[in-house]
Amino acid sequence: MRIGLVSTLRTGVPPPKTGSVELVVALMAQELTRRGHEVTVFAPGDSEIDARVLSVLPTGYHHDATVWDWQLAEFMQLGLVYEHAHEFDVINSHVYCWALPFTRLVTTPTVHSFHICPTPDFVRFCRMYPESAYVLVSEFQRRFFGDLPIAGVVHNGVDTAAFPVRVEPGDYLAYIGDFRADKGPLEAIRCARAAGVPIKLAGPGSEYFRAMIEPELDGRSVEYVGEVDHEGKIELLGNALAMVFAVQGLEACPLVVLESMACGTPVLAIGRGPIPELVVQGVGGIYVDDFDGLEQSLAQVGGLDRRQVRRLAEERFDVTRMVDDYVALFERAADGDRARAAGALRRSA
């Protein structure tokens with residue numbers, strides 16, 4: 001198939017450090033290309049991917065201070081996407097729902113992948129395009145879309161082969177993510193302190209980090225290791241006793257949970273959002289109802305079989321499974337487009 005994959009213009013594909021959507025698009029492009037599909041990736045021009053890259057920007061706006069209207073940049077990029085629509089059998093957009101107004105201007109079908117829990121306005125505008133193919137990344141997301149038809153649910157995937165397994169548990173907890181109140185980094189620190197276990201934190205700096213997290217750092221029991229790349233992620237997660245996921249906000253399918261399990265490192269989480277469908281209780285980790293339960297579950301999570309944790313990641317979240325599901329959706333969308341075209345020809349005859 002000829003496939004156009006639309007990533008964000010925030011950062012390259014794959015991202016040099018953080019960027020979940022961009023990493024998913026990179027993994028999809030690599031696996032689709034390996035299978036013989038003709039792939040074009042719409043992403044910043046400095047993306048390092050083995051596929052054709054088209055872009056209105058030479059580098060992502062996250063790395064270019066001269067680009068201040070990032071939403072305008074995203075819409076200009078979507079204009080470029082649909083100028084090339086005739087070159088593809090299917091377009092797969094990972095940029096929120098912003099491709100919607102372009103879809104009726106071309107005959108090429110679009111599959112929209114939604115990586116967030118949507119706002120009411122997001123759903124309102126999706127309802128204006130009921131013919132579109134909407135893909136969610138977790139069953140948890142369905143509750144936000146009501147009776148809007150969904151083409152399928154495809155959990156995010158990771159390249160499990162790129163994460164070596166550490167079968168012996170480490171002696172510290174790990175936190176990877178943005179430093180915001182709803183992500184729970186302060187709660188992760190408090191859990192570690194209450195249990196007497198060191199914690200290492202990774203992620204990009206922020207105002208919240210400087211105001212709330214920096215005063216907690218002592219370089220021993222609470223250590224900040226910076227924003228990590230892939231190798232740093234392997235080191236941090238692989239050597240941890242567990243990865244703490246104390247998110248209080250809405251998450252759709254957090255990639256770091258899957259990456260932790262790919263390392264064989266169990267997840268210690270608050271059981272909200274998609275966590276119960278991703279972390280099989282007592283296999284991939286332990287999830288609890290509240291923050292007090294995190295501390296109480298530390299001994300239990302440390303005793304889990306890390307080989308079983310890794311096996312769960314391989315069976316349910318490997319990139320090959322993700323791409324299998326997407327290819328089936330792409331073929332269905334393309335077949336539906338061909339059927340509509342044939343029907344139009346019959347009616348005009």
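Pop out the Kirkwood hydrodynamic radius of region 15-94 from its pairwise C-alpha distances, inverse of mean 1/r, in Å to one decimal.
Kirkwood radius, region 15-94: 13.4 Å.
Write down Rg/Rh for region 59-178, rounded to two decimals, with Rg from the C-alpha atoms and Rh from the Kirkwood relation over Cα pairs.
Rg/Rh for region 59-178 comes to 1.06.
Add -39500 (n - 2.57) for each DSSP H run of 4 or more in the chain, then divide by its residues: what number comes out at 222 nm, to the nearest 500 deg cm²/dmol?
-11000 deg cm²/dmol
Could you rank 68, 98 by how accessible they are, 1.4 Å probe, largest area first?
68, 98
Could you order the peptides 101-108, 171-178, 256-263, 37-44 from most to least packed, using the average number of other C-beta atoms within 10 Å per residue?
In descending order of packing, they fall as 256-263, 37-44, 171-178, 101-108.
I'd like the projected area of region 177-254, averaged over all directions, using the convex hull of its alpha carbons. Report it in nm² with one decimal.
Seen from a random direction, the Cα hull of region 177-254 projects 5.2 nm² on average.
Treating region 231-320 as a set of equal point scatterers at the Cα positions, no solvent, please give the Debye-formula log₁₀ I(q)/I(0) at q = 0.12, 0.16 Å⁻¹.
Treating every Cα as an identical point scatterer, log10 I(q)/I(0) equals -0.30, -0.55.
How far is helix 20-34 tilted off the main Cα axis of the chain, in degrees rounded to 10, range 0 to 90?
Between helix and principal axis, roughly 60 degrees.
Using only the alpha carbons of region 230-274, what is the convex hull's orientation-averaged projected area in square nanometres?
For region 230-274, averaging the hull's shadow over all directions gives 3.1 nm².
Using only the alpha-carbon atoms of region 107-173 as identical scatterers, what base-10 log of I(q)/I(0) does the Debye formula give at q = 0.24 Å⁻¹?
For the requested q values the scattering log ratios are -1.06.
Could you please tell me the mean projected area of the C-alpha convex hull for the chain, averaged over all directions and given in square nanometres to one decimal?
17.9 nm²
P(r) of region 1-145 in 5 Å steps, Cα pairs, percent per bin?
The percentages, shortest bin first, are 2, 10, 20, 23, 21, 15, 8, 1.
The values are calculated or read from the model by the stated rules, or taken from the named source; none is laboratory data. Source: prediction; values computed, not measured. All Cβ positions, glycine included, derive from the backbone under ideal geometry; neighbour counts span all protein chains shown. Areas reflect the complete protein model, heavy atoms only, side chains present, ligands, DNA and RNA absent. Shrake-Rupley method; radii C 1.70, N 1.55, O 1.52, S 1.80 Å.
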